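The values are calculated or read from the model by the stated rules, or taken from the named source; none is laboratory data. Being a predicted model, the structure only gives us computed values, none of them experimental. No Cβ is skipped: glycine too gets one built from the backbone with ideal geometry, and neighbour counts run over all protein chains shown.
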Amino acid sequence: MSIGARLYADYFMPCRLEEYEKLLALSVESGYAHYTLSEYFKLIVEGADPGKCFIHRHDIDTDVRTARLMWEAEQRHKVKTSYYFRLNTLDFQLMKDIHLSGSEVGYHYEELAQYCKDNRITDAAKVREHYPQITERFVSNFRMFSDKFGYKVNSVASHGDFVNRKLGIANHDFMTRELMDRCGIQFECYDERLLKSFNCIMSDMVYPKFYRPVSPFDALKQNHKVLYLLTHPRHWRVAPLENTADNIKRIWEGILYR
């Protein structure tokens, strides 16, 4: 991405929340049911037919205020989705509001990447030697997240960081069934059973493309049975202060992590 495109996306792009509201309305008008990921996962594990449905996951990497606006739009259309919060985007009031509305809150974890940053581990071959320590850090953070949230957390979704790309190791690489059982987690969002069940997997993107591999508007017209969309608040509404802070943090971490 060019510097000009990044500056436009972070500071000058018009708000896209009206487009988001149109997407919600179209999905409902097109006859799609909206389940949380936990509801949908339960159906497929039990062998039930979920029917024609739209599964929507939000990764709250930055900008909690826009996340609330997206959730408020969903309330107007009676749509349920799943929100995954990082440790640095925790907003327990919003999280409780989301949960009480019938939507889902999960943990967007990044312990592997953060551990490597904290300990300057740049050799991919050495990362797995530290999985016991990374696992214990995850358990501690997850329990804190759950205790302060005050409700059962059924699912987690790994965050993607520049460190993961540099190492070639995803944040969920250390996740095991044993670890999830220990924490009372039902599933990780990159569970193969989930991914294989979706007929069309989409994600939003930064300006100028906005979606990949296809627009959800086009996917709705194609009448796929099970649609899965991943979104991030940052791609829908400019938040100058949050974007500046995140950009500075990313640059500084890149300098330190060599």
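Of the residues making up segment 15-54, those that are basic (Lys, Arg) and surrounded by fewer than 17 Cβ atoms within 10 Å (Cβ to Cβ) are Lys22, Lys42, Lys52. Restricting to segment 196-206, count the residues that are surrounded by fewer than 17 Cβ atoms within 10 Å (Cβ to Cβ) and assigned to a loop (DSSP other than H, G, I, E, B). Within segment 196-206, residues that are surrounded by fewer than 17 Cβ atoms within 10 Å (Cβ to Cβ) and assigned to a loop (DSSP other than H, G, I, E, B) number 3.
Scanning segment 1-26 for residues that are in a helix (DSSP H, G or I) and either hydrophobic (A, V, I, L, M, F, W, C) or modelled with pLDDT under 90 (or both) turns up Ile3, Gly4, Ala5, Arg6, Leu7, Ala9, Phe12, Leu17, Leu23, Leu24, Ala25, Leu26. Reported count of residues in segment 1-48, each being at positive phi and of a type in the set (S, T, N, Q), is 0. Among the residues of segment 233-255, write down those that are more than 18 Å from the chain's Cα centre (by Cα) and not aliphatic (A, V, I, L, M). Across segment 233-255, the qualifying residues are Pro240, Thr244, Asn247, Lys249, Arg250, Trp252, Glu253, Gly254. Of all residues in segment 66-101, those satisfying the criterion of being in contact with a Phe, Trp or Tyr (Cβ under 8 Å, 6 or more places away or on another chain) and among the acidic types (Asp, Glu) are Asp91, Asp97. Scanning segment 199-247 for residues that are more than 16 Å from Phe12 (Cα to Cα) and β-branched (Val, Ile, Thr) yields Ile201, Val214, Val226, Thr231. Only one entry in Arg65, Arg57, Arg143, Arg120 is crowded, with 21+ Cβ neighbours inside 10 Å and basic (Lys, Arg), namely Arg57. Within segment 123-135, the residues that satisfy the criterion of being exposed (fewer than 12 other Cβ atoms within 10 Å of the Cβ) and among the charged types (D, E, K, R) are Asp123, Glu129.
Hey, does segment 67-88 have a residue that's within 17 Å of Glu188 (Cα to Cα) and polar (S, T, N, Q)? Checked segment 67-88: at least one residue is within 17 Å of Glu188 (Cα to Cα) and polar (S, T, N, Q).
The lone criterion from (1) touching a Lys or Arg at 6+ places or on another chain (Cβ under 8 Å); (2) at negative phi left unmet by Gly102 is number (2). Here segment 197-207 is the region considered, the condition is being under 18 Å from the mean Cα position of the chain (by Cα) and without any contact (Cβ under 8 Å) to a residue 40 or more places away in the chain, and the residue that is nearest to Leu7 (Cα to Cα) is Met205. Out of Ser155, Ser140, Ser203, one residue alone is of a type in the set (Gly, Ala, Ser), touching a helix residue (DSSP H, G or I) at 6+ places or on another chain (Cβ under 7 Å) and at pLDDT 95 or above. It is Ser155.
Okay, residues lined up against (1) touching a residue at least 12 places away in the same chain (Cβ under 8 Å); (2) among the acidic types (Asp, Glu); (3) closer than 30 Å to Gly31 by Cβ; (4) assigned to a helix (DSSP H, G or I):
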{"residue": "Lys166", "(1), (2), (3), (4)": "yes, no, no, yes"}
{"residue": "Tyr190", "(1), (2), (3), (4)": "yes, no, yes, no"}
{"residue": "Leu194", "(1), (2), (3), (4)": "yes, no, yes, yes"}
{"residue": "Lys209", "(1), (2), (3), (4)": "no, no, yes, no"}
{"residue": "Ala219", "(1), (2), (3), (4)": "yes, no, yes, yes"}
{"residue": "His224", "(1), (2), (3), (4)": "yes, no, yes, no"}
{"residue": "Leu229", "(1), (2), (3), (4)": "yes, no, yes, no"}
{"residue": "Arg234", "(1), (2), (3), (4)": "yes, no, no, yes"}
{"residue": "Asn247", "(1), (2), (3), (4)": "yes, no, no, yes"}
